[in-house]
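Written out below as structure tokens is the structure these notes cover.
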Amino acid sequence: MKTSLFTLCLLFCLFSTNAAANTPVEDPQEPLIVRSYLVTDGLEITLANLEKTRTTLKLENLDQEKVVYSDIVRNHNGYSYNLNLNKLPKGRYLLSVTKNNTVRQQVILIADHGVMCSEWK
């Protein structure tokens, strides 16, 4: 009986700790929602900026340490852009969206076999 109770308590602690560790923590003062979807000719980027605060969108070539695209969004609570990746050379890129102290980033790999994107961080 004691062994069953101990096992049950151990499983409860294990699963409740795991769930809390995987829950993303968002700063309630800095809501910045960014999504991207691969489309036929590139990447569709959508961002929600409910405060209409100045937000910067930047694509940087990590192999050459060079910014290949940059845009500043002002006075819009939503923004959508189709980023054409077909004209970019193969390599690793970092897509960054910055608003005040909040930065969301995604790594993009352009290779012979296609385009791959990481999760947003």
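Overview of results
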{"read-out": "Residues satisfying the stated conditions in the range 44-62, i.e. more than 15 Å from the chain's Cα centre (by Cα) and at pLDDT 90 or above", "value": "ASN61, LEU62"}
{"read-out": "Any hit, the range 20-33, residues being assigned to a strand (DSSP E or B) and at pLDDT 75 or above", "value": "yes"}
{"read-out": "ARG104 being in a strand (DSSP E or B), more than 21 Å from ASN49 (Cβ to Cβ) and under 18 Å from the mean Cα position of the chain (by Cα)", "value": "no"}
{"read-out": "Search result, residues across the range 49-77 that are among the charged types (D, E, K, R) and part of a loop (DSSP other than H, G, I, E, B)", "value": "GLU51, LYS52, ARG54, ASP63, GLU65, ARG74"}
{"read-out": "Residue match in the range 78-92 (condition: assigned to a strand (DSSP E or B), at pLDDT below 85, under 23 Å from CYS117 (Cβ atoms) and aromatic (Phe, Trp, Tyr))", "value": "yes"}
{"read-out": "Answer residue from the range 63-121, given it is among the acidic types (Asp, Glu) and either under 22 Å from ASP41 (Cβ atoms) or in contact (Cβ under 8 Å) with a residue 24 or more places away in the chain (or both) and is surrounded by the fewest Cβ atoms within 10 Å (Cβ to Cβ) among those", "value": "ASP112"}
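The values are calculated or read from the model by the stated rules, or taken from the named source; none is laboratory data. Just so we're clear, the structure is a prediction, and the values are computed from it rather than from any experiment. Ideal geometry is used to build each Cβ from the backbone, glycine not excepted, and the neighbour counts take in all protein chains shown.
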